[in-house]
1. Which numbered condition trips up G57, out of (1) in contact with a strand residue (DSSP E or B) (Cβ under 9 Å, 6 or more places away or on another chain); (2) part of a loop (DSSP other than H, G, I, E, B)?
2. In a loop (DSSP other than H, G, I, E, B), closer than 18 Å to L39 by Cα and of a type in the set (S, T, Y) - does that describe any residue in the range 81-99?
3. A33: surrounded by 15 or more Cβ atoms within 10 Å (Cβ to Cβ), closer than 16 Å to M122 by Cα and not β-branched (V, I, T), yes or no?
4. Take the conditions in a helix (DSSP H, G or I) and crowded, with 20+ Cβ neighbours inside 10 Å and apply them to F38. Does it pass?
5. Residues in the range 7-14: is at least one in contact with a Lys or Arg (Cβ under 7 Å, 6 or more places away or on another chain), β-branched (V, I, T) and in a helix (DSSP H, G or I)?
6. Could you list, in sequence order, the residues of the range 41-58 that are surrounded by fewer than 18 Cβ atoms within 10 Å (Cβ to Cβ) and closer than 25 Å to K88 by Cβ?
7. Only residues in the range 61-86 that are more than 14 Å from D47 (Cα to Cα) count as the first member; pair them with residues that are β-branched (V, I, T) and part of a helix (DSSP H, G or I), Cβ under 9 angstrom, at least 6 apart or cross-chain, and list the lot.
8. Sort out which residues of the range 41-53 are touching a residue at least 40 places away in the same chain (Cβ under 8 Å) and outside any helix (DSSP H, G or I), and write them in order of number.
Amino acid sequence: MTVRLAVVDNNPSMREFIAEVSNELGFETRLYASGDAFLDGDGDEADIILLDILMPGRGGLEVIHELANRQSQARIYLLSSLDSADLKAMRNAGRARELRMQGIITKPLRAASLRKTLSAMMA
């Protein structure tokens with residue numbers, strides 16, 4: 001079974017880097033440059049969402065609220081360089097809305113650690 005991964009990040013080099021590593025591991029990866037593009041597109045079909053927090057337009061928190069309204073069953077990982085306390089608060093807000101908030105991936109990313117994290121998601 002192919003795992004569908006949505007990468008929502010306004011940084012094009014970050015999206016491409018994650019796509020390169022995830023595609024090597026066998027994910028079906030879709031890239032979104034903003035929360036708006038994700039919510040207006042086919043993002044609802046994702047099994048796993050890597051969600052940047054700080055983006056123009058609808059940012060991560062707004063996306064989390066909309067995913068809760070849509071009763072998303074995707075596993076959600078927050079992707080950011082924010083302070084961990086802020087990220088934990090956002091993760092807890094998603095959990096309070098019954099989303100499957102799985103974890104926090106801290107930027108900057110390294111290929112080896114990203115590969116390990118993504119591999120664990122496939123299990």
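1. G57 satisfies every listed condition except (1).
2. No, that holds for no residue.
3. No; evaluated as a whole, the condition is false for this residue.
4. Yes; evaluated as a whole, the condition is true for this residue.
5. No; the residues of the range 7-14 include none that is in contact with a Lys or Arg (Cβ under 7 Å, 6 or more places away or on another chain), β-branched (V, I, T) and in a helix (DSSP H, G or I).
6. Correct list: D47, L54, P56, G57.
7. Matching pairs, first to second residue: L78/I64; L79/I18.
8. A46, D47, I48, I49, L50, L51, D52
Since every read-out is calculated from the coordinates, none of them should be taken as a lab result. Here the structure is a predicted model, which is why all the values come from computation and not from measurement. Note: ideal-geometry Cβ built from the backbone for every residue, glycine included; neighbour counts use all protein chains shown.
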